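Right, one structure below, let's go through it.
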Amino acid sequence: MNFCSRFQADTKMSNTYLPEKPELSPTLISDDDAVRLQYAYGAVKKSLEAYVTLAGGYVIEAQLPFPVNSDSEIVSEFRKALQRGKTNGRKVRLTMIDHVTSVPAGVLIPVKELIKICPEEGVHKVFVDGAHGIGCVDVDMKEIGADF
Ligand SMILES: Cc1ncc(COP(=O)(O)O)c(C=O)c1O
């Protein structure tokens, strides 16, 4: 992780960082993909969709079971979404991963495992929606390895 900022609200953070952060802005180019989890928070989902659509890219959703019974189900669905994003010569440039979901409530996402997969699959940047992470579980931001 290169930097850490504190925002009043998580939604404000995603609205600010996605369009304006120079490290991220050139990340997405036309016809490339971003992958997010099905259980992403609504407002953050919209920020991502607006950013990606304006750049001419596509958002791929990793479908998750309900209820989630194991980390391996999440990892497997995430891998499938990355593969879908790489069809037709496209690249997955960005992933957005929640740490602890709110709908459904309280699913602890294996962020570290998912982030580890990203460079292996050619993903450039990883954005973690950390709402609820701090406070629910021990968080070592360096160890998690997200970009922001
Ligand atoms: C997973 C998740 N992400 C983002 C948010 C948005 O947080 P904020 O209200 O700080 O913008 C919430 C709010 O509950 C949330 O549950």
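The values are calculated or read from the model by the stated rules, or taken from the named source; none is laboratory data. Model, not experiment: these values are computed from the prediction. Cβ: placed from backbone, ideal geometry, glycine included. Neighbour counts: every protein chain shown.
Just so you know, in region 40-91 the residues that are within 16 Å of the ligand (Cβ to nearest atom) and among the small types (G, A, S) include one that is nearest to T16 (Cα to Cα), and it is S47. Can you say whether S47 is more than 22 Å from P110 (Cα to Cα) and part of a loop (DSSP other than H, G, I, E, B), as far as the supplied structure shows? Answer is no for this residue. All conditions but one from (1) of a type in the set (D, E, K, R); (2) within 16 Å of the ligand (Cβ to nearest atom); (3) closer than 15 Å to G133 by Cβ apply to E113; the one that does not is (2). State which residue is surrounded by the fewest Cβ atoms within 10 Å (Cβ to Cβ) when the search covers only region 28-39 and only residues that are away from the ligand (no atom under 13 Å from the Cβ) and aliphatic (A, V, I, L, M). The selected residue is I29. Exactly one residue out of K112, K125 is surrounded by fewer than 21 Cβ atoms within 10 Å (Cβ to Cβ), in contact with a helix residue (DSSP H, G or I) (Cβ under 9 Å, 6 or more places away or on another chain) and modelled with pLDDT of 95 or more, and it is K112.
Collect the residues in region 88-106 that are within 17 Å of V139 (Cα to Cα) and in a loop (DSSP other than H, G, I, E, B), keeping them in residue-number order. Scanning region 88-106 gives H99, T101, G106.
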